[in-house]
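What follows is one structure encoded as structure tokens, with my remarks underneath.
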Amino acid sequence: MDLLKDSLILLTRIVTILPLLLIMTLFMGRRSIGELPIFDFLILMSLGAVVGADIADPKVEHIHTAVAIVMIAIFQKIIAYFKIHSRSFGKKITFEPIVVIKDGAFLIENLKRIRYSIDNILYMLRQSNVFDISVVKIAVIESNGQLTVQKKASKEFLTRDDLQIANNQLDLAYPLIIEGKIYEEVLTYCNQTKEWLLSELKTRDIENLSDIFFASLTDEGKLHVSLYSPINPAPPLHH
């Protein structure tokens, strides 16, 4: 009987608390379930913890859980109001967007500031259908952690009719050098040699591999190099 009673109590809690959670989430607005800035992420974490405790622990007063959910939702609405009406307040509770690639070059100091590795950025570029860093005009990590990419004007997608040619196949660039280390299997795959690579680097006044943060090579042998100290500084970005 005790098991049946506890099961009925648990079912009642789920049936009553989840609709309330849905109503309060809709009340807070779509930003809470879409972009997930840091504050909204914390709000959802708090809601999850409150609901989880209520369902898992019968000793928790059910009415207290309902009150907590409503108060968290109202608090989020108040904070959202101040964020909209005060840019200085909004900037204090979220991250600034930060440029990580400028004119095909990684901005190392900015990557260190946000603790993103080169693998993170390459993965996010691939998610944006960018497989060659040399085509990137600027790439920005937004306040919600997503990557926004703008390609160079000459690399925007065109149709074959636009170019009046039969084929418009783009080169696929493979990571060749990462943090000064050469991946010789890429050279082999692209039918190039280490001697060719060193010669190409020398023509660009690059004597030491340790100066290279990232370099890529296409099937056609096109080399792109991003140094540890890029020439172009990052433009300042703000919300």
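The values are calculated or read from the model by the stated rules, or taken from the named source; none is laboratory data. Note that the structure is a prediction, hence the values are computed from the model and not measured. Counting neighbours? That spans all protein chains shown, and the Cβs are built from the backbone with ideal geometry, glycine included. Please note that ligands, DNA and RNA were not included when accessible areas were found on the heavy atoms of the full protein model with its side chains. Shrake-Rupley method; radii C 1.70, N 1.55, O 1.52, S 1.80 Å.
Observations, loosely collected:
- Straight-distance candidates among the lysines for linking to Lys59, with alpha-carbon spacing under 27 Å and chain neighbours fewer than 8 residues away dropped: Lys5.
- Accessible surface, per residue, of the stretch 72-123 when the full set of protein chains is kept, probe 1.4 Å, Å²: 59 Å²
- Efficiency of FRET from Cβ geometry, Gln146 and Ile78, R₀ 30 Å, rounded to 0.05: 0.70
- Partners of Lys102 within straight-line reach, counting lysines whose Cα lies under 16 Å from its Cα and excluding those fewer than 8 residues away in the same chain: Lys112, Lys137, Lys151, Lys152, Lys155.
- Counting protein heavy atoms only, the stretch 53-111 has 70 percent of its accessible area on carbon and sulfur, 1.4 angstrom probe.
- Fully extending the segment from Asp57 to Lys112, taken as 0.36 nm per residue of separation minus the present Cα-Cα distance, adds 15.6 nm.
- Extension gain, Val67 back to Leu22 (0.36 nm per residue minus Cα-Cα distance, nm): 14.8 nm
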